[in-house]
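Engineer: Before I ask anything, here is the structure I am working with.
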Amino acid sequence: MFKMEDIHLGSDICGRWHNRCYEVSKLLGRGGTGSVFLAQRVDDGKKVALKISCVGEDLIYEYHSLTDMACLSMVPEAIELDEWHGYTFLVLEYIEGYDLSYYIGAGKCSYAGAVRLGCILAFLMSKVWGKGYCLTDVKPENVMVDIANRRIIVIDWSSLTEADAPVKEFTPTYDIASWGVGRRLADQRYMVFAISMIMTVLIMGKSYSPVSVSIDEVTEDIKRTKCPVGVRNILIAGLKGRYDTLQQFYNAMNGLDIYDQSSENDRMDKIINITLAAAALFAFLSIANWLILI
Amino acid sequence: MEMKQILLITDGRSNVGGDPARAAAYAAQNGITVNAVGIIDGDNDVLSSDEIKAIALAGNGTWQMVPLGMLSATMCTVTYRSMHNTLENIVNAQVKKIVGSDMLDIEPAMRLPLVRYADTLADETPLRCVILVDCSNSMAVKLKTARAAILDLLASFKVRRAGGNLAVIAFPGQSGSHYQMICPFTDDMELLKGHLNELKHRGNTPTAHAINAAISYILNDEQPFFV
């Protein structure tokens with residue numbers, strides 16, 4: 001049987017069902033059950049991200065999650081799902097840019113930037129929740145800053161879980177249950193916690209592990225930072241599971257007055273601002289649509 | 001129906017008591033799935049994926065090699081994936097009976113209802129899982145993380161519709177024995193937490209003995225305190 005390790009640069013991956021071929025040009029990442037490659041479609045040279053896995057059901061779920069969520073902005077386009085040598089592969093829109101882990105480090109992300117980003121994620125997750133789902137494995141590595149198109153995009157949707165179902169895919173740092181704060185259940189509190197932790201990691205410039213520190217130690221760390229009390233309180237409340245809904249969390253962040261002159265020139269901040277404006281427009285259009293319907 | 005599983009956590013190669021893959025094959029013959037998680041250790045990389053893979057393949061299970069920091073998340077995904085596979089095989093057999101073709105003869109994009117059905121069934125099927133913890137000397141610094149990961153797995157079972165029970169067997173055991181029952185089947189977090197303090201590192205890696213002990217415990221409900 002063909003082994004996944006045998007895929008190398010220049011390998012052609014051809015689908016059993018749609019007969020389209022992709023030439024592998026770069027390894028983008030490797031996980032426990034599969035890999036992601038940058039590839040070129042042989043027909044027209046289009047650059048794509050090709051995710052290949054020995055666990056077919058994960059990619060089947062992800063493909064349908066992406067097509068279900070395609071109406072939201074901030075979701076990469078799912079191009080096709082196919083099989084090759086017994087492996088399942090998913091072809092996705094390739095996004096050029098950095099994921100948020102690039103922005104973890106002292107002084108790399110302003111607190112204002114982190115709050116705006118939190119707003120975007122809370123907004124997106126509330127839309128996902130509105131469709132009856134919860135994205136359980138949200139972490140900096142899965143959120144990309146798409147520089148070319150100036151947008152924030154969540155790239156990994158394999159952890160999309162039905163509302164109130166058990167969480168199967170998570171990363172301990174962003175998982176409320178690993179910290180002993182709540183249950184490992186796909187609900188709004190679970191997502192609020194994950195977003196709060198992402199913001200905390202960005203603001204503090206370092207990651208935390210539930211194996212070595214307690215949630216109280218994290219909140220103590222937050223209390224010692226220079227960022228405004230309002231921001232600190234929201235982060236702590238989020239990490240302690242005090243927001244019942246994403247809307248409450250979003251409203252709390254939206255109510256902050258944290259316009260930060262120093263971050264005006266920050267490239268990521270600009271992208272975040274544009275995405276937020278797009279999100280607001282999307283919300284407005286949804287309401288307008290609804291008003292027209294009634 | 002009830003799903004029966006053995007989940008092996010190890011950071012080294014078996015060195016006492018025969019071939020663990022044969023023991024895993026015996027488990028599979030008795031309707032018990034054997035999953036394995038190998039801990040990759042940066043400094044002391046004695047574990048190759050071959051043995052882990054062979055155990056999981058013989059035991060109809062799934063396997064993964066991970067760094068220590070990912071142990072708890074991986075134990076959870078490996079267990080869920082293995083439950084899914086068990087139920088998917090059952091669903092697939094039904095599909096074959098009804099439409100005469102395999103699930104794999106259906107285009108992957110069209111397979112979603114079957115995949116989802118298997119997951120729903122898995123969530124509604126009771127689960128009993130014996131965790132085998134390698135307590136050889138090289139695990140000394142990893143046992144704290146392993147304890148937390150086991151508690152975490154039980155926390156995950158709590159939100160399943162059908163719940164789940166978990167037992168823990170350590171290998172090797174105390175005073176020269178090959179294995180030791182640490183905690184009998186339970187769904188009680190506090191009870192499990194108390195018992196997990198008895199996980200102590202010592203000696204070598206008798207993996208096959210531990211798998212055999214788990215099989216007899218699951219099949220006969222005998223608590224293997226002694227060899």
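Engineer: Does A:MET253 count as away from every other protein chain (no Cβ under 14 Å), assigned to a strand (DSSP E or B) and crowded, with 17+ Cβ neighbours inside 10 Å? First the steps, then the outcome.
Structural biologist: On the way: away from every other protein chain (no Cβ under 14 Å): yes; assigned to a strand (DSSP E or B): no; crowded, with 17+ Cβ neighbours inside 10 Å: yes.
Considered against the rule, which asks whether it is away from every other protein chain (no Cβ under 14 Å), assigned to a strand (DSSP E or B) and crowded, with 17+ Cβ neighbours inside 10 Å, A:MET253 comes out as no.
Engineer: Can you pull out the residues in the range A:72-93 that are closer than 30 Å to A:ALA114 by Cα and surrounded by fewer than 19 Cβ atoms within 10 Å (Cβ to Cβ)?
Structural biologist: Residues satisfying the conditions are A:LEU72, A:SER73, A:GLU77, A:GLU93.
Engineer: Is it true that some residue in the range B:92-108 is over 30 Å from A:LEU81 (Cβ atoms), modelled with pLDDT under 90 and surrounded by fewer than 23 Cβ atoms within 10 Å (Cβ to Cβ)?
Structural biologist: no
Engineer: Give the residue, chosen from A:GLY97, A:GLY118, that is on the phi < 0 side of the Ramachandran plot and small (Gly, Ala, Ser).
Structural biologist: On the way: A:GLY97 fails: on the phi < 0 side of the Ramachandran plot.
It is A:GLY118.
Engineer: Which of the numbered conditions does A:VAL211 fail, given that it passes all the others? Conditions: (1) of a type in the set (Val, Ile, Thr); (2) in contact with a Cys (Cβ under 7 Å, 6 or more places away or on another chain); (3) within 14 Å of chain B (Cβ to nearest Cβ).
Structural biologist: (2)
Engineer: List the helices (runs of 4 or more DSSP H) that sit entirely inside the range B:78-197 and contain at least 2 residues that are more than 9 Å from chain A (Cβ to nearest Cβ) and over 23 Å from B:TRP63 (Cβ atoms).
Structural biologist: B:112-123, B:189-196
Engineer: Sticking with this one: Restricting attention to the range B:56-69, which residues are aliphatic (A, V, I, L, M) and under 11 Å from the mean Cα position of the chain (by Cα)?
Structural biologist: B:ALA56 - this is the single residue of the range B:56-69 that is aliphatic (A, V, I, L, M) and under 11 Å from the mean Cα position of the chain (by Cα).
Engineer: Let me ask something additional. Only one of these is more than 14 Å from the chain's Cα centre (by Cα) and touching a residue at least 12 places away in the same chain (Cβ under 8 Å): A:PHE123, A:PHE89. Name it.
Structural biologist: A:PHE89
Engineer: Then there's this: Given A:LEU117, A:LEU202, A:LEU160, A:LEU135, which one is buried (at least 22 other Cβ atoms within 10 Å of the Cβ), within 14 Å of chain B (Cβ to nearest Cβ) and either of a type outside the set (Val, Ile, Thr) or out of contact with any Cys (no Cβ under 7 Å at 6 or more places or on another chain) (or both)? Explain how you work it out, then say what you get.
Structural biologist: Values: A:LEU117 fails: within 14 Å of chain B (Cβ to nearest Cβ); A:LEU202 fails: within 14 Å of chain B (Cβ to nearest Cβ); A:LEU135 fails: within 14 Å of chain B (Cβ to nearest Cβ).
None of the other options fit; the residue is A:LEU160.
Engineer: Do you know which residues across the range B:198-208 are within 23 Å of B:GLY59 (Cα to Cα), touching a helix residue (DSSP H, G or I) at 6+ places or on another chain (Cβ under 6 Å) and not hydroxyl-bearing (Ser, Thr, Tyr)?
Structural biologist: B:ALA208
Engineer: Among the listed residues A:ILE195, A:ILE222, A:ILE176, which satisfies the condition of being away from chain B (no Cβ under 14 Å) and in contact (Cβ under 8 Å) with a residue 40 or more places away in the chain?
Structural biologist: Being away from chain B (no Cβ under 14 Å) and in contact (Cβ under 8 Å) with a residue 40 or more places away in the chain holds for just one of A:ILE195, A:ILE222, A:ILE176, which is A:ILE195.
Engineer: Turning to a different aspect of this structure: Scan the range A:198-249 residue by residue and report those that are out of contact with any helix residue (DSSP H, G or I) (no Cβ under 7 Å at 6 or more places or on another chain) and among the acidic types (Asp, Glu).
Structural biologist: Selection gives A:ASP216, A:GLU217, A:GLU220.
Engineer: crowded, with 19+ Cβ neighbours inside 10 Å, at pLDDT below 90, in contact with a Ser or Thr (Cβ under 9 Å, 6 or more places away or on another chain) and more than 14 Å from chain B (Cβ to nearest Cβ), is that true of A:SER110?
Structural biologist: It is true that A:SER110 is crowded, with 19+ Cβ neighbours inside 10 Å, at pLDDT below 90, in contact with a Ser or Thr (Cβ under 9 Å, 6 or more places away or on another chain) and more than 14 Å from chain B (Cβ to nearest Cβ).
The values are calculated or read from the model by the stated rules, or taken from the named source; none is laboratory data. Remember, it's a predicted structure, so these values are computed and weren't measured experimentally. Cβ atoms come from the backbone with ideal geometry, glycine included; neighbour counts cover every protein chain shown.
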